1. From B:Val63, B:Val90, grab the single residue that is more than 13 Å from chain A (Cβ to nearest Cβ) and either in contact with an Asp or Glu (Cβ under 9 Å, 6 or more places away or on another chain) or closer than 23 Å to B:Asp10 by Cβ (or both).
2. On the given criteria, is A:Val349 within 16 Å of the chain's Cα centre (by Cα) and in contact (Cβ under 8 Å) with a residue 24 or more places away in the chain?
3. Of all the residues that make up region B:38-60, how many are of a type in the set (Asp, Glu), within 14 Å of chain A (Cβ to nearest Cβ) and within 22 Å of B:Gln80 (Cβ to Cβ)?
4. Name the residue, out of B:Thr47, B:Thr91, that is within 20 Å of A:Pro105 (Cα to Cα) and among the hydroxyl-bearing types (Ser, Thr, Tyr).
5. Out of A:Ser239, A:Ser269, A:Ser289, A:Ser248, report the one residue that is assigned to a helix (DSSP H, G or I), crowded, with 19+ Cβ neighbours inside 10 Å and among the polar types (S, T, N, Q).
Amino acid sequence: MTPTPQSTVRRPTSDLDVYSDEALLNPWPGYRELRDAGPVVFLERYGMYAATRYDAVSHVLRSPEVFPSSEGVMMNDEMNQVLRGNTLCSDGEAHSASRRVIVRPLTPKAVRLLQDDIRAQARKLVEELTGRREFDAVTDLAQYLPVTIVSNLVGLPEEGRERMLVWASEMFNCFGPPNDRTRDSFVVLGEMMEYATTQAVPGKLRPGSWAEAIHGAAARGEVPADKCPVMMIDYMGPSLDTTIFAISSAVWLFARHPDQWDLVREDPSLIPSAINEVLRMEAPIQDFSRSVAVDHEIDGVVLPAGSRVIAFYGAANRDERRYPDPDRFDVRRNPTDHLAFGAGPHTCVGMNLARLEMRALFEVLVERVTRFEIRSEQRALHNILRGFARLDVTVHV
Amino acid sequence: MPKITYRVGDETTTVDATVGSSMMHDAVRNDIGGIIAECGGNAMCATCHVYVEDGPVDSLPEVGFAEDEMLDCTAAPREQNSRLSCQIPVTDALDGLTVRVADEQA
């Protein structure tokens, strides 16, 4: 046999289980191991490649012709079938058409109209909680704006609004590889999809809501009518949990780094930068995937056509090749290039609203709170999402 | 290296731009003020708004749908020559381009 040149046989592999309980609760050592092993590394346990370095993840996300989304962005075949054709899982013209509809209430201009209401509600909430001194930063603080304001904007009927938090979390679990967490969550996903098809329909949705606007767009022929149920998932999935986890992670980081909290208190103009740094450190969505359309080389490693590559946002954001001292929480860093919102054509469509919700809360918290003290914490154990199930804090005012 | 000139308020700065970068990234790397680029260059925030003033304006790529949508959201008024600098890749053809950074971005 003729030896194949080194450059074409390089295929770093790893037997690391990135979805074990231990790795999900503390992914950073594993991410570092994978980054050091190569630009993309074959995960033997899952039969998929992992992109963990910043440049590789950014490249995958920004090259949709090589790494399309229309064969799904999840880590199991079944889920990739379920969401086929929604905005998240489409490419090219079909993607542009549905994204144009989904982005309408979420542009900077549209979100500006929500600013006063969100700020007023944030102030009222923070004043009440700081008066109490002790609260759960997840249920009492982080969930409030998404659940009261955003779920109303989405506009599902009452029962759907109440179930949205559970549905969203279980749906994201179904993004994982075939494991127990994914399998257990499929039951609830069925309920969510059924609801999106039979209940999220004109006549039942709040007039003027985002969900209703999807049907309006379909009626005008902007998107195919049969896409409405899966497009509902574009709103029902990511609009609550992700922001909630980001807010709770922010409180957790500020509690553990009082010096950084002091910097923001002294100079509230650092809030936008601090929020970017929170998102860099603790990306609420840790990973989605892409299929590989054609053989493609990344820094000497060939990804074969037909394979799947997982883009680990959380790992890219801690890449020492990109961010000096990446594990240090530094509110002055302002890493606007972090990948917590993704990058490229599928960049998070709700980022302007998410930022507004976070800013509104922390603008009032910096006025009132001198220290966050954690009394007890419980991380959510989740295939994809990173954040807290409970975070009991005492605030010093 | 193509030379691109940025006007920010009363200041005018000409930089040696890096081919393959975006104008936004290149401007930020060269410490051109007034560009926030909150979304990291993904046409989602409209805070890297510039007005194209002079030079090889015909060499600029057309405004895509995402950019068009965001240009309706700029803090400073949208003009005929408004662009989001994150959506303009730096190429040799842009040598001699002059843009004015919008005064208000957010």
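1. Numbers: B:Val63 fails: either in contact with an Asp or Glu (Cβ under 9 Å, 6 or more places away or on another chain) or closer than 23 Å to B:Asp10 by Cβ (or both).
Exactly one of B:Val63, B:Val90 is more than 13 Å from chain A (Cβ to nearest Cβ) and either in contact with an Asp or Glu (Cβ under 9 Å, 6 or more places away or on another chain) or closer than 23 Å to B:Asp10 by Cβ (or both), namely B:Val90.
2. Working: within 16 Å of the chain's Cα centre (by Cα): yes; in contact (Cβ under 8 Å) with a residue 24 or more places away in the chain: yes.
Criteria met by A:Val349.
3. Just the residues of region B:38-60 that are of a type in the set (Asp, Glu), to begin with: B:38, B:53-54, B:58.
Filter once more, keeping what is within 14 Å of chain A (Cβ to nearest Cβ): B:38.
Add one more test, that the residue is within 22 Å of B:Gln80 (Cβ to Cβ), and what stays is none.
Of the residues in that region, 0 qualify.
4. Numbers: B:Thr91 fails: within 20 Å of A:Pro105 (Cα to Cα).
Checking each option against the conditions leaves just B:Thr47.
5. Details: A:Ser239 fails: assigned to a helix (DSSP H, G or I); A:Ser269 fails: crowded, with 19+ Cβ neighbours inside 10 Å; A:Ser289 fails: assigned to a helix (DSSP H, G or I).
From the options A:Ser239, A:Ser269, A:Ser289, A:Ser248, the qualifying one is A:Ser248.
Listed here are the residues, each with its yes/no results for (1) touching a helix residue (DSSP H, G or I) at 6+ places or on another chain (Cβ under 9 Å); (2) surrounded by 23 or more Cβ atoms within 10 Å (Cβ to Cβ); (3) not in a loop (DSSP other than H, G, I, E, B).
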| residue | (1), (2), (3) |
| --- | --- |
| A:Arg206 | yes, no, no |
| A:Ala213 | yes, no, yes |
| A:Pro229 | yes, no, yes |
| A:Met232 | yes, yes, yes |
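The rows are residues; the columns are (1) crowded, with 18+ Cβ neighbours inside 10 Å; (2) in contact (Cβ under 8 Å) with a residue 40 or more places away in the chain; (3) over 25 Å from A:Leu385 (Cα atoms); (4) of a type outside the set (Phe, Trp, Tyr).
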site: A:Trp252; (1), (2), (3), (4): yes, yes, no, no
site: A:Ala255; (1), (2), (3), (4): yes, yes, no, yes
site: A:Leu263; (1), (2), (3), (4): no, yes, yes, yes
site: A:Leu279; (1), (2), (3), (4): yes, yes, no, yes
site: A:Ala316; (1), (2), (3), (4): yes, yes, no, yes
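Results for (1) touching a His at 6+ places or on another chain (Cβ under 6 Å); (2) among the polar types (S, T, N, Q); (3) part of a helix (DSSP H, G or I); (4) within 14 Å of chain B (Cβ to nearest Cβ), shown as yes or no for each residue.
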| site | (1), (2), (3), (4) |
| --- | --- |
| A:Ser96 | no, yes, yes, yes |
| A:Arg104 | no, no, yes, yes |
| A:Arg123 | no, no, yes, no |
| A:Leu145 | no, no, yes, no |
| A:Leu165 | no, no, yes, no |
| A:Ala168 | no, no, yes, no |
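The values are calculated or read from the model by the stated rules, or taken from the named source; none is laboratory data. The shown structure was predicted, so the numbers you read here are calculated from the model rather than taken from an experiment. In this analysis, Cβ positions are derived from the backbone assuming ideal geometry, glycine residues included, and neighbour counts consider all displayed protein chains.
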